[in-house]
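The values are calculated or read from the model by the stated rules, or taken from the named source; none is laboratory data. Keep in mind that this is a model prediction, so the values were computed, not measured. All Cβ positions, glycine included, derive from the backbone under ideal geometry; neighbour counts span all protein chains shown. Just so you know, the surface numbers come from the protein's heavy atoms only, side chains and all, with ligands and any DNA or RNA stripped out. Shrake-Rupley method; radii C 1.70, N 1.55, O 1.52, S 1.80 Å.
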Amino acid sequence: MVQDVNLPEMTQLWQQTLNWQPDALQQRQFQLLYELLVSANQHLNLTRITTPIDFWEKHLWDSIRAVTLLLNSPAITNPSPMGVIDIGTGAGFPGLPIALAFPHWHITLLDSTRKKVAFIETLLPQLEIDNATPLTGRAEELGQQPQHRQTYDIALLRAVAPASVGAEYSLPLLKVGGLAILYRGKWTDEETLALNPVVKKLGAKIESVERFTTPVTNSQRSCLYLRKVATTPAEFPRPIGVPAQNPLV
Ligand code: SAH
């Protein structure tokens, strides 16, 4: 059977759920991204998400949702271009859809696996993306490098590590005033309580927790927004591997 490779446009669903919708160019870029990912997936094993509707919901909608709500909220008062880092981007999520949706932002796509970054490097010219920089490296090393430490406005993490580990990866990279967005599945108030002291140690506070369901399969998701309010102590992030082996409490 020939697989249907056309992405659904979902214009109304985009509009209803996010008060945003892709223009014709963005729609074509999403389609091409999908085709390139499916074709590379046959030999690179990049993602388990391969049907058009799954790709739309879990890779496009889910990636972009976390930042559109932010744009529509009064909390955003700074209209200048955002410097964004997607930590553990894998095949480019959530960073690539965000680069396509917000061409005036700049997105650094970081992953420790060279093979995945090499794949993203091949995608960028084909998608005509010029506002993204792929980078091979570990969050723990970047966080201690002066050219990266405390330089980003927004840090994104999806499916990379538990929240406390994600906080240690992301917060050192942010400017004071910047925002870490942790994409999570289900999230409880107990988890918020447990995360509080960790975030405080790193110079941030939990600004909000949003719980929602995805629009096609009604899956539960949450987003944690961590606001950096002070300089992160120099000891964080700890050396490579330590945050994951011995998470902060
Ligand atoms: N964010 C993507 C991929 C998740 S898989 C998505 O949601 O689809 C997790 C990825 O994080 C892997 O590609 C892995 O190589 C990367 N990763 C894990 N720990 C990392 C670290 N400390 N620094 C950079 N990348 C890391």
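For residues in region 159-176 being more than 14 Å from the ligand (Cβ to nearest atom) and open to solvent by 50 Å² or more (accessible area, probe 1.4 Å), which is farthest from the chain's Cα centre (by Cα)?
VAL176
Where residues in region 110-139 are in a loop (DSSP other than H, G, I, E, B) and more than 19 Å from LEU156 (Cβ to Cβ), which of them is farthest from the chain's Cα centre (by Cα)?
Of everything passing the filter in region 110-139, GLU128 is farthest from the chain's Cα centre (by Cα).
Identify all residues within region 140-159 that are in a loop (DSSP other than H, G, I, E, B) and not hydroxyl-bearing (Ser, Thr, Tyr); write none if there are none.
If the condition is that a residue be in a loop (DSSP other than H, G, I, E, B) and not hydroxyl-bearing (Ser, Thr, Tyr), then GLY143, GLN144, GLN145, PRO146, GLN147, HIS148, ARG149, GLN150, ALA159 are the ones that fit.
Can you tell me which condition LYS186 does not meet? The list is (1) in contact with a Phe, Trp or Tyr (Cβ under 8 Å, 6 or more places away or on another chain); (2) of a type in the set (D, E, K, R); (3) open to solvent by 70 Å² or more (accessible area, probe 1.4 Å), and all the others hold.
Of the numbered conditions (1) in contact with a Phe, Trp or Tyr (Cβ under 8 Å, 6 or more places away or on another chain); (2) of a type in the set (D, E, K, R); (3) open to solvent by 70 Å² or more (accessible area, probe 1.4 Å), the odd one out for LYS186 is (1).
So which residues in region 68-95 are open to solvent by less than 40 Å² (accessible area, probe 1.4 Å), out of contact with any Phe, Trp or Tyr (no Cβ under 7 Å at 6 or more places or on another chain) and at pLDDT below 95, if there are any at all?
LEU70, SER73 - these are the residues of region 68-95 that are open to solvent by less than 40 Å² (accessible area, probe 1.4 Å), out of contact with any Phe, Trp or Tyr (no Cβ under 7 Å at 6 or more places or on another chain) and at pLDDT below 95.
Listed residues LEU156, LEU179; which is closer than 30 Å to LEU7 by Cα and either at pLDDT below 95 or crowded, with 22+ Cβ neighbours inside 10 Å (or both)?
Residue meeting the stated conditions: LEU156.
Inside region 222-245, can you point out the residues that are open to solvent by 50 Å² or more (accessible area, probe 1.4 Å) and within 14 Å of the ligand (Cβ to nearest atom)?
Correct list: PRO239, ILE240, ALA244, GLN245.
Only residues that are of a type in the set (D, E, K, R) and either more than 17 Å from GLN144 (Cα to Cα) or over 22 Å from the mean Cα position of the chain (by Cα) (or both): list them for region 225-237, please.
Across region 225-237, the qualifying residues are ARG227, GLU235.
From the set of residues in region 27-57 that are open to solvent by 40 Å² or more (accessible area, probe 1.4 Å) and assigned to a helix (DSSP H, G or I), which is nearest to LEU156 (Cα to Cα)?
ASP54
Being of a type outside the set (D, E, K, R) and more than 19 Å from GLY92 (Cβ to Cβ) is the filter; apply it to region 129-147 and report the residue that is farthest from the ligand (Cβ to nearest atom).
Selected residue: PRO146.
Would you mention how many residues in region 207-247 are over 22 Å from GLN16 (Cα atoms), out of contact with any Phe, Trp or Tyr (no Cβ under 8 Å at 6 or more places or on another chain) and touching a residue at least 12 places away in the same chain (Cβ under 8 Å)?
17
Of the numbered conditions (1) closer than 24 Å to THR231 by Cβ; (2) at pLDDT below 95; (3) in contact with a helix residue (DSSP H, G or I) (Cβ under 6 Å, 6 or more places away or on another chain), ILE49 fails exactly one; give the number of that condition.
The number of the failed condition is (1).
Examine region 18-26 for a residue that is at pLDDT below 90 and either surrounded by 14 or more Cβ atoms within 10 Å (Cβ to Cβ) or assigned to a strand (DSSP E or B) (or both), and state whether such a residue exists.
no
Can you tell me which condition THR217 does not meet? The list is (1) within 14 Å of the ligand (Cβ to nearest atom); (2) of a type in the set (Val, Ile, Thr); (3) open to solvent by 60 Å² or more (accessible area, probe 1.4 Å), and all the others hold.
Single failed check for THR217: (1).
Within region 107-137, which residues are among the charged types (D, E, K, R) and buried (at least 18 other Cβ atoms within 10 Å of the Cβ)?
ASP111, LYS116
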